[in-house]
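Report on the following structure.
The values are calculated or read from the model by the stated rules, or taken from the named source; none is laboratory data. Quick caveat, the model's predicted, so the values are computed rather than measured. Every residue, glycine among them, receives a Cβ derived from its backbone with ideal geometry; neighbour counts consider all protein chains shown. Heavy atoms of the whole protein, side chains included, go into the accessibility calculation; ligands, DNA and RNA do not. Shrake-Rupley method; radii C 1.70, N 1.55, O 1.52, S 1.80 Å.
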Amino acid sequence: MVRHLPMILKNSLRNKRRSLLTLLSIAASLCLLGVLGALYHAFFLTVATEDEALRLIVRNRISLANPLPASYLPRIKAVPGVTEVTAWQWFGGVYKDATDPAYQFARAGLEAEKVPLIYPEYKIPPDQFKAFVAEQTACLLGKKTADRLGIKVGDRLTVVGDYFPVTLELVVRAIYDAPKNNESLFFHFKYLNESMKAAGQPMDEVGTFTIRMARAEDATAISKAVDDMFHNAPERTKTESESAFVLSFVAFLGNVKAFLLIVCGAVTFTILLVAGNTMAMSVRERTREVGILKTLGFTRAGIVGILVGESIVISILGGVIGVGLAYGVCALAQQMPSTFTDMSAVTLPPIMAVECIAVAGLIGLISCLIPAIGASRRSIIEALRFSG
Amino acid sequence: MTIPLSYNLRNLVARKTTTIMTALGIALTVAVLLSVVALVDGLRTSLAGSGHPLNVLVMRRGAPSELGSIVTPTQFQMIKSHSGIARMPTGEPIASMELVSIIILESPEIPSGININLRGISPMGFAMRDYVKIVEGRMFRPGHREVVVGKSVAKRYPMARLGKKLSFGKGEWEVVGVADGGRSASNSELFADINQLASDQNREVALSSIVLRATDASNMQALINRLTADQGLNVDAKTERSYYDSQTSSAAPVQYLGTFVAIIMAIGSCFAAMNTMYAAVARRSAEIGTLRVLGFSRGGILTSFLLESLLLSLIGGVVGCLLVLPLNNVSTGVGSFVTFSEISFEFSVTAQTMLVGIAFAMLLGAAGGLFPAAAAARKQILTALKEI
């Protein structure tokens, strides 16, 4: 086949318009396949980082809407293998405009001084961190959000509570950068507590606890120990890894997994149809040429090779363009604010890109095989007489 | 003089394989689009059927949903004394105080579990939802740990079927009945006796929301305004219908993703249709020349090829509609970002949905057929006749 490469390339340029249209339609489909693959990967295949694997989330067994008693904290901390625990309260609320997705980012209260112990991967300038801990109304903001909204250290930020009937007046004292999830806003849990007290609704509960463990291997044992400890307590707990906790939000969107897989299947099948259709047309068109090639002494295998080769060249080229486009779409998606999933994780891993291009090549092969074999089978006379 | 449509029809039949493949490509594109439309329509139907047109929902000021709202029995008494509230023949105002909470139910599909709304309700509250009927088992008895489940919950979550026991609050609750809420969000809820639930969750004085029945539509807005303006009450009032309408946005992520997929697939299929039509034009060059000799105008040729492309896409559109038809009434669920719990509903493939699909297919056909048709019309008679 390699011997015939110049001829294959020449042939693919013969009907430029058709080759281009085929190429573009394969590129569009492959771009889609790539983007869906990137989403699937971001949702279900991302391996927890070393730090994520060292964190566990403790929530109320009934649901996230049910809080846990604050008094659980010292008991959880006493479990062997637990190095640190922080109270963690999702706040939500409205910053500027609730309907504008640009202003949507996670907002939560936690024990400020414990941030470096629980989230060592967060990079915070030491003086900024000191300022954040020192002031009760201070907050810590993720770099991506800060950059996107042009917020700087020292800026004031008002978050009006929706689930909590209080308004938080915060000052940005520190900005953190992290490889993942660098979009959240963290404030002092104590500040929320005091505000609620001032509003006449003191609370001695927290939303969840975040545990930091010494060794990732202890995850199962610690989860079990914590859940067993509160088995007969008024509020039972459910302890799971941070990544499992995040995944439960994806499940909340509906059956995303099935949706992505079904659409991927439909897309692949569609390209197969499209490519098959075009290749059949182009092979048919040159039946007479096949007759001439045969007269010149080309073997049947050689002829099949030339025809299939052309199809593969076009498909792979389309695949490469499609994957390139998919990278572009992913880059755009990464700029979007994350609400339920970390958008910065939406990227096409190299292995998947290669797989996509391989799928394209395979489609080129399959779609052309039948028409090519059919054409190569014709006798010389029959082929030469063929009038299209 | 126009070229008869049967000419195009016979041409499509003559090139069976190409026609089928191109049409199938279009069909799959249409099917993907329509499944998303059917999902959003299903959710919309389910939410539009929720709530009584005269019901007013009262929540704490600023609360985004019933889950984040707290109202007290004192507020309930104050609100009941407002004028404009419909009364029973006994003189009792038609008003219901409710407690909304969430429990996690697990299903074989989603083993990690999904948030489901749990509603504590009084007999009056049930009477106000006259579209909800017990279809299996019986009503819960006041003062007992018994629940009635919506029919979608019973269908989708085996652990919440009739006779099963659920563990939350201070004990085990028995599922004693299944309720059919027509096409409404009540199908996705669990109902329990408000007093028992409030006592189990220590929320006797911190309930969630109040539902009122206005005397008539003209009084409804006045009642809403009066309640919202009452500073002492510190509540927001809105129509129950508008509360449910606002939850339609829950399908937004699936909707965006589905639309993106459909558009890219449409681009791919459009190129494919273009390819097919260009091939048709090329192969019928002599025919086009003959038609011109016979006196058919360039406009006639253009129209004829465009019609052929439209016909091709129409077949695709119809097949696409047939492909999504089995999806009709398949039940699914999405998480509502308003209530943080799942709304179950059925895909709804209506005649209107199918018209959208066919229109979309025709649009594709028109875009794909225009250039080839124009190329056909531009052909010079002599050169056309000379081409093989």
Distance between region B:46-83 and region A:168-194 - C-alpha centres, whole angstrom: 33 Å
Net charge near B:V235: determine it from the other residues with C-beta under 15 Å of the C-beta of B:V235, scoring Lys and Arg +1 and Asp and Glu -1. -1
What does the charge dipole of region B:209-265 about its Cα centre add up to, to the nearest 20 debye, if the Cβ of each Lys and Arg holds +1 and the Cβ of each Asp and Glu holds -1? 40 debye
Quick check: the distance between the Cα centres of region A:119-137 and region A:27-101, to the nearest angstrom? 21 Å
Under the 7 Å Cα-to-Cβ spin-label approximation, A:L384 and B:E204 lie apart by a distance in nanometres of 10.4 nm
Interface burial for A against B (accessible surface, 1.4 Å probe, total of both chains, Å², rounded to 100): 4100 Å²
Percent antiparallel among DSSP beta bridges (both partners in region B:69-167, rounded to 5): 100 percent
Mind putting a number on the dipole of region B:55-213 about its Cα centre? Charges go on the C-beta only, +1 for Lys and Arg and -1 for Asp and Glu, and I need it in Debye to the nearest 20. 220 debye
In nm, to one decimal, how far is the B:N328 label point from the B:R161 one, both placed 7 Å along Cα→Cβ? 2.8 nm
Selection from A:G319, A:T158, B:L327 lying farthest towards where the dipole of the protein assembly as shown points positive, charges on Cβ: A:G319
B:S246 paired with A:T220, simple spin-label distance in nm, labels 7 Å along Cα-to-beta-carbon: 4.5 nm
Quick one: among A:P179, A:P69, A:P234, which has the greatest mean-square fluctuation in a GNM of chain A with alpha-carbon springs under 10 angstrom? A:P234
What fraction of the DSSP beta bridges in chain B is antiparallel, stated in percent and rounded to the nearest 5? 80 percent
Placing +1 at every Lys and Arg Cβ and -1 at every Asp and Glu Cβ, with all other atoms neutral, what dipole size does the protein assembly as shown have around its Cα centre, in debye to the nearest 20? 3520 debye
Residues other than B:A222 with Cβ under 15 Å of its Cβ, Lys/Arg counted +1 and Asp/Glu -1, net out at +1
Quick one: of the DSSP bridges fully inside region A:67-234, what percent are antiparallel, nearest 5? 70 percent
Among trypsin sites (Lys or Arg not before Pro) in region A:1-85, those in a DSSP loop whose Cβ has at most 13 other Cβ atoms within 10 Å are A:R14
Checking a compactness column here: for region B:55-213, what do you get for Rg(Cα) / (2.2 N^0.38 Å), N being the number of residues? 1.03
Go ahead and estimate [θ] at 222 nm for chain A from helices alone: -39,500 (n - 2.57) per DSSP H run with n ≥ 4, summed, over the residue count, rounded to 500. -17000 deg cm²/dmol
Grab the DSSP H runs of chain B that are 4 residues or longer, score each as -39,500 (n - 2.57), total them, divide by all residues and round the 222 nm result to the nearest 500 deg cm²/dmol. -16000 deg cm²/dmol
Given charges at Cβ of Lys, Arg, Asp, Glu: the protein assembly as shown dipole, positive-most of B:I194, B:A366, B:Q255: B:A366
Given charges at Cβ of Lys, Arg, Asp, Glu: region B:55-213 dipole, positive-most of B:T74, B:V147, B:S184: B:S184
Computed FRET efficiency, Cβ-Cβ of B:D130 and B:R378, R0 56 Å: what is it to the nearest 0.05? 0.25
Please give the net charge around A:M279, taking every other residue with its beta carbon less than 13 angstrom from that of A:M279, where Lys and Arg add +1 and Asp and Glu add -1. +1
Based on the Cβ-Cβ distance from B:F76 to A:V354, what FRET efficiency comes out when R0 is 56 Å, to the nearest 0.05? 0.30
Within the accessible area of the protein assembly as shown (1.4 Å probe), percent carbon and sulfur: 64 percent
Here the residues of region B:31-71 whose accessible area is at least 40 Å² smaller with all protein chains than in the chain alone (probe 1.4 Å) are B:R60, B:P64
Taking R0 as 60 Å, what FRET efficiency do you get between A:A233 and A:I366 from their Cβ-Cβ distance, rounded to the nearest 0.05? 0.50
Please list, in order, the residues from region B:61-88 whose amide nitrogen is less than 20 Å from a point placed 7 Å along the Cα→Cβ vector of B:N219. B:76-88
Given a 1.4 Å probe, the accessible area of region B:55-213 per residue, as a whole number of Å², is 37 Å²
